[in-house]
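Take a look at the structure set out below.
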Amino acid sequence: MKVNFLDLKSQYLSIKDEIDQAIQNVLVNTAFTAGPYVKSFEDNFAKRHNAKYCVGVNNGTSALHATLMALEIKAGDEVIVPVNTFFATPESVSLTGATPVFVDCEGKFYNIDPDKIENAITKNTKAIIAVNLYGQPAQLDKIKGIANKNNLILIEDCAQSHISELNGQSVGTYGLCGCFSFYCGKNLGAYGEGGAVITNDEKLYKKIMIIRDHGMSQKYHHEIVGHNYRMEGIQGAILDVKLKYLDEWTVTRRKNAELYGKYLKDCKEIVLPEEMPNAKHVYHLFVIRAERRDELMDYLKENEIYTGLHYPIPCHLQNAYKFLGYKEGDSPVSEKYSKEILSLPMSEQLKEDEIKYVSEKIKEFYTNSMFSV
Ligand SMILES: *Cc1c(COP(=O)(O)O)cnc(C)c1O
């Protein structure tokens, strides 16, 4: 049996008529960039997260960068970011000229370790970007307390955590704002690229609206130097259709996570992901830690089961950040985990027999190789 990491085609086929109609509407109305379809999606996406405002942009990296620009974060400033995240998080900081300051993850839930944040604060620190990684909120209440106490802005990177919650409150609303990605493989994915910022802060909203459109307050009146970060009309229309299914799809992802738990609970060579108390994990990724990870990954691939690594090289050890002077040993937990983590196939399209098959192959790998060594 072949098990893909993701199955975007069957997702499309399950809602094909509605998607095709939505695209057709954009074409007929020539609403190609920003415009009414993007606005409708923005309103619905804000509402779903109980936020007042939403700005749609062209990708998640732009969402983060436009936010940092709006906050006037610049060269000489420092922004605290987790080591264990996708590269775009620190990259957005670097794009402003500011310096990302890396903090290790905690051992159980893989998100930034709140207990290590205060050590990283200096007189130049302006903000903290908390990433809700793999679909699980960071310890946002604790991090918000640290940010408030130290007069720092809290930004949430929600690229992997659409409609995730902590204590019943949506992610993206603990901080000043939440930055989302709609990259095609995310839980809510465009057919191409997309991103958004949600916030309850009217001033920030207005400024990001201007930044996404060349700093214009009205046509050809440029108040500040901005960017072209507009969301395309077709993506807005597609996202508005898919948003209606997101709750249902998320329920299925959570159910699939439970099924992995059921079929893999006796496998002592791996560590299953855990949901933080009071959190709603939306399982963008189903990340286990495994003994002899690379061999297991190869074995699964030989059996046509496709897995991923999120992420094989912690951000502080990337070549691009050599100039910052970090070295091995600076973030011991993330460094150790980068050699153990393995993302199993996960989506709302995944079926129980596939989950069962993947789980059996994992157990088979450990039983067979036990005899061969
Ligand atoms: C995907 C992702 C981004 C960047 O989003 P793009 O839309 O690819 O630019 C940022 N942060 C995290 C944690 C991500 O997973």
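Quick notes on this structure:
- From phi via Karplus (6.51, -1.76, 1.60), per-residue ³J(HN,Hα) for region 32-39 in Hz, x at Gly/Pro: 6, 9, 6, x, x, 6, 5, 4
- The stretch between residue 169 and residue 119 holds 15.2 nm of extra length on full extension. This uses 0.36 nm per residue minus the Cα-Cα distance.
- Projecting the Cα positions of 355, 278, 329 onto the charge dipole of region 246-369 (unit charges on Cβ atoms of Lys, Arg, Asp and Glu, taken about the Cα centre) puts 329 furthest along the positive direction.
- Region 253-334: Cα Rg divided by the 2.2 N^0.38 Å rule of thumb: 1.35
- Over 18 Å between alpha carbons, listed pairs 74/186; 52/242; 108/142: 74/186; 52/242
- Once the chain from residue 20 to residue 262 is taken as fully extended at 0.36 nm per residue, the excess over their C-alpha distance is 83.3 nm.
- Under 18 Å from the Cα of residue 203 - aspartates and glutamates, other chains or at least 8 residues apart: 42, 43, 72, 156, 213, 223
- Each residue of region 352-358 is assigned a 3J(HN,Hα), and the resulting list reads 4, 5, 6, 4, 5, 5, 4 Hz, derived from the Karplus form 6.51 cos²θ - 1.76 cosθ + 1.60 (θ = phi - 60°), x at Gly and Pro.
- Comparing mean-square fluctuations of 283, 205, 357 from a GNM of the chain with C-alpha springs under 10 Å, the top value falls on 357.
- Each part gets one Cα centre, and for region 16-69 versus region 183-218 those centres are 8 Å apart.
- The fraction of accessible area contributed by carbon and sulfur in region 246-369 is 50 percent, rounded to a whole number (1.4 Å probe; ligands and nucleic acids excluded).
- Relative contact order, percent, the chain [alpha-carbon distance under 8 Å, six or more residues apart]: 22
- Karplus (6.51, -1.76, 1.60) ³J(HN,Hα), θ = phi - 60°, over region 362-368, in Hz, Gly and Pro reported as x: 5, 5, 4, 4, 6, 5, 4
- The label-point distance for residue 12 and residue 339, in a model that sets each label 7 Å from Cα toward Cβ, rounds to 4.1 nm.
- Full-extension gain in nm, residue 295 to residue 220, via 0.36 nm per residue minus C-alpha separation: 21.2 nm
- Relative contact order computed over region 246-369 (Cα-Cα under 8 Å; 6+ residues apart), in percent: 37
- Here is the list for region 301-373: GluC sites (Glu not before Pro) lying in DSSP coil, each with at most 13 other C-beta atoms within 10 angstrom of its C-beta, are 304, 328.
- Here is the list for region 56-134: GluC sites (Glu not before Pro) lying in DSSP coil, each with at most 16 other C-beta atoms within 10 angstrom of its C-beta, are 72.
- GNM on the chain, alpha-carbon springs under 10 angstrom: the most fluctuating residue among 301, 322, 280 is 322.
- Less than 5 angstrom separates the built amide H of residue 103 from those of 81, 83, all sequence-distant by 5 or more or on a different chain.
- Selected from 208, 261, 180, residue furthest toward positive end of dipole (the chain; charges at beta carbon): 208
- Gaussian network model of the chain, springs between alpha carbon atoms under 10 Å - residue of 79, 333, 93 with greatest fluctuation: 333
- Region 175-333: translational diffusion in µm²/s, Stokes-Einstein, Kirkwood Rh over Cα pairs, 4 °C, 1.567 mPa s: 65
- Summarising the strand pairing of the chain, around 60 percent of its internal DSSP beta bridges are antiparallel.
- With the highest mean first, a sort of the peptides 153-165, 189-201 on other beta-carbon atoms found within 10 angstrom per residue produces 153-165, 189-201.
- Per residue, in Å², the accessible surface of region 195-302 once ligands and nucleic acids are set aside, probe 1.4 Å: 51
- Its residue count N sets the reference 2.2 N^0.38 Å, and the alpha-carbon radius of gyration of the chain equals 1.00 times that reference.
The values are calculated or read from the model by the stated rules, or taken from the named source; none is laboratory data. Nothing here was measured: the structure is a model prediction, and the numbers come from that model. Quick reminder, even Gly has a Cβ in these numbers, built from the backbone with ideal geometry, and neighbours come from all protein chains shown. We work out accessible area using only protein heavy atoms, side chains counted, and drop any ligands, DNA or RNA first. Shrake-Rupley method; radii C 1.70, N 1.55, O 1.52, S 1.80 Å.
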